[in-house]
1. Can you pick out the pairs among LYS66/LYS280; LYS164/LYS234; LYS77/LYS242; LYS66/LYS285 whose Cα atoms lie more than 21 Å from each other?
2. Please give the length that would be gained between ARG151 and ASP270 if that part of the chain were fully extended, namely 0.36 nm times their separation in residues minus their C-alpha to C-alpha distance (nm, one decimal).
3. Sort the stretch 92-224 into rounded, prolate or oblate with this rule: let a ≥ b ≥ c be the square roots of the eigenvalues of the Cα gyration tensor; rounded if a/c is under 1.5, and if a/c is not under 1.5, prolate when a/b is larger than b/c, oblate otherwise.
4. Please state the equivalent ellipsoid semi-axes for the stretch 180-276: what are the square roots of 5 times the Cα gyration tensor eigenvalues, largest first, in whole Å?
5. Starting with the fewest neighbours, write out ASP244, ASP56 ranked by other beta-carbon atoms found within 10 Å of each beta-carbon.
6. For the stretch 39-79, list residues with backbone N below 19 Å from a point placed 7 Å from the Cα of LYS280 toward its Cβ?
7. Taking amide hydrogens as modeled 1.01 Å from N in the peptide plane, which residues meet the under 5 Å criterion relative to ASN223, leaving out close sequence neighbours?
8. Just subtract the alpha-carbon distance of THR206 and LYS136 from 0.36 nm times their residue separation and send over the number in nm, one decimal.
Amino acid sequence: MNSKIFKFHSCRYLIFAAAFVAVHSAQVWAAPNVQAESAILINARTGGVIYEKNADTRRSPASLTKVMTCILGLEEKGMDSIFNISMAAAATEYSDLGMKGGEKMRSGELMRGMMMESDNGAAVVVAQNVSGNILKFADRMNEKAKELGCRKTHFSNPHGLTAKWHYTTARDMAKIAAYAMKNPDFRNMVSSKSSVIHWKSPSGKTYKAGSTNRLLGFYTGANGIKTGWTSAAKGCLAASAKRDDIELIAIVLKSPDEDSRFLDARSMLDYGFSVGGAGKIVVEKAAKPASQRVPSVKRPGASVPSITNKPAGTAATTGTDTGAASAKPAVVSGKPVARSSGVRMPVLRKPGT
């Protein structure tokens, strides 16, 4: 072939390749489309921030609270301790495992059910069996948060029911989630799509639990972590995924609805993997920020926003966003059951007291 022709074709190829790379790179580096008011994406191994949006704004965490509850339960009691279930814990609203006062469960079984079904009563059981009561356990939660470098987090309870002085940020929640995922037992719990939960007493009692995390089994590499929803917190999600040697953690706080929290997390994870788990995009006040004041718990007997990972209007909903009694009976495992008394256990302790 004539050398001039060869050079011409070589130049054409190089120009085409450069143009392709430029276009491809522009697509790769496009910022995720995140609807949530606060979000962050980190590299779980390095802790490096890949994407953030209003990551230091205080938000109600809803059931993402249980990430801290679970890791403390594992560190203090392990997987094989026997947890006693109190009447108060069993009567806590949105306790879908069907626990009853006086029953006993192995700690690992109870915490697996808590993380998969987001059972609020199970979180109370952990608090009572680890620290004796909710107030003392909340103190331990706050101590641990400080140890992990969480500067804008304060817990008032172990389950995430809306309460005064119960808040975190996307950045702090990412630190807690990354720490928890280093525990093999925790990783195993939050990566399970379904599991049969066993009781110690009565012997033979079981419950078939299903994870509320829709990404498990549907998003390549998804391996955790926890969903959350209240009428105050809106959609919350801590999502993790691992591909090859890259593991990412996405935190979504105050996503507008049930579906968007998963779409937000998927958008961030897709972006993070496309850039090899590195780089950084910061979005501050992309939308007018909501008030940072955390809703106060009302006086005893007054209506309080309910908590569940199944928002009103979905087939799995067991109550309404306002906490009012539903016209339909609560549903556990697809079978109508009697609604519990809906005992709420708000804990109020001002930070620093």
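Where a number appears in this text, it was derived from the coordinates with a stated rule and is not lab data. Owing to the predicted nature of the structure, the values given are computational and were not obtained by experimental measurement. For neighbour counting, all protein chains shown are included, and Cβ atoms are generated from backbone atoms with ideal geometry for every residue, glycine included.
1. Flagged as over cut-off: LYS66/LYS280; LYS77/LYS242; LYS66/LYS285.
2. 40.0 nm
3. Verdict is oblate for the stretch 92-224.
4. 26, 18, 10
5. Sorted ascending by nearby Cβ count, the order is ASP244, ASP56.
6. Those under the cut-off are 39-57.
7. Result for ASN223 returns SER240, ALA241, LYS242.
8. Between THR206 and LYS136, full extension yields an extra 22.2 nm.
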